[in-house]
Amino acid sequence: MRDERFPAGVEFFPEHPSDEKTKQIQTTPSPLLVEQIAPFAVKQLCAEFEADLEASLAKYQDKRFSVTGVAVSVAPDMHGLPTVQLSDTAGGPCYAHCIFPEDSILQKVSVGDRVTILSNYLVYCHPLGVVMKFSELVENKKQTVIFDRKPTSEEIRRVEFAPCPLIEQTAPFEAKDLYNSFYADLSLLQKYEEKRMQVTGIVKKFGLDVHNLPSVELSDSVDGQTYAMCISHDEAIMQGIKVGDKVVIEGNYLVMSTALGVIFKYSERK
């Protein structure tokens, strides 16, 4: 049963430590939780806190332990601190909010990776789940190029050589937002099949892809992961751009890939 102190959707810290203690937790390793024999799955850990907050605080407060889950957000948090949020599945709710001392974590982990993180317990709250400080990456099972489905040769031909019908949109989709929305709502995979749309982002890379076709990879920063890969029939898509430019590209949706983001064919700059 949900604790009445945790109304759904409300950010609430039942036991927030003092500033002095928070500073200690974010700079010094806490004592290891000696009874831990394997990383805790984040969803089960959250369920434990919701089922019995007092018992969980007695067990985890002032302790350091490891959690494992799927990265659903890799970005600075509301305080500008480098953070990895974990769920039990791609696009799922946040069950652990792991804050790191170094920005380098933002290049080591990508959304969709299954990771294990060792951290100091700070506080439990809604909607962030278990908030952890002074985190370190223990293991990252990097995702390879995994497609939500493998398009057929006929599907590829249909989107490769002519514009598909345009969807209704008032502004280009941010590449990162589009990528994350596919994880959050799998119905979009069918909604956008053989449709054409505009996407915008920072140019991370451009050139000829593995099939010798002109392509532009979009992210939210030059060092970020690829959220959209726009493949064209014309090298004009690459002309006059450089890494770091913010561009708008219109393309036919082909498929979703964990490593390459939302893949578009017959793409052109707008």
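The values are calculated or read from the model by the stated rules, or taken from the named source; none is laboratory data. Bear in mind the structure is a predicted one, so any value in this text is a computation, not a measurement. All Cβ positions, glycine included, derive from the backbone under ideal geometry; neighbour counts span all protein chains shown.
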Query - Residues (hydrophobic (A, V, I, L, M, F, W, C), farther than 15 Å from I263 by Cβ and part of a loop (DSSP other than H, G, I, E, B)) located in the range 160-189 - result: F161, A162, I167, A171, L186
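The rows are residues; the columns are (1) out of contact with any helix residue (DSSP H, G or I) (no Cβ under 9 Å at 6 or more places or on another chain); (2) crowded, with 20+ Cβ neighbours inside 10 Å; (3) closer than 18 Å to Y179 by Cβ.
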| position | (1), (2), (3) |
| --- | --- |
| H79 | yes, no, no |
| S87 | no, yes, yes |
| Y95 | no, yes, no |
| N120 | no, yes, no |
| Y124 | no, yes, no |
| E154 | yes, no, no |
| R158 | yes, no, no |
Report task. Kindly indicate whether L218 is modelled with pLDDT under 90 and either in the same structural domain as L106 (by TED's automatic domain parsing) or of a type in the set (A, V, I, L, M, F, W, C) (or both). Result -> no
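Per-residue answers, yes or no, for (1) modelled with pLDDT of 90 or more; (2) outside the structural domain of Q107 (by TED's automatic domain parsing); (3) closer than 30 Å to L45 by Cβ:
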{"residue": "F134", "(1), (2), (3)": "yes, no, yes"}
{"residue": "D148", "(1), (2), (3)": "no, yes, yes"}
{"residue": "A162", "(1), (2), (3)": "yes, yes, no"}
{"residue": "L186", "(1), (2), (3)": "no, yes, yes"}
{"residue": "Y192", "(1), (2), (3)": "no, yes, no"}
{"residue": "V203", "(1), (2), (3)": "yes, yes, no"}
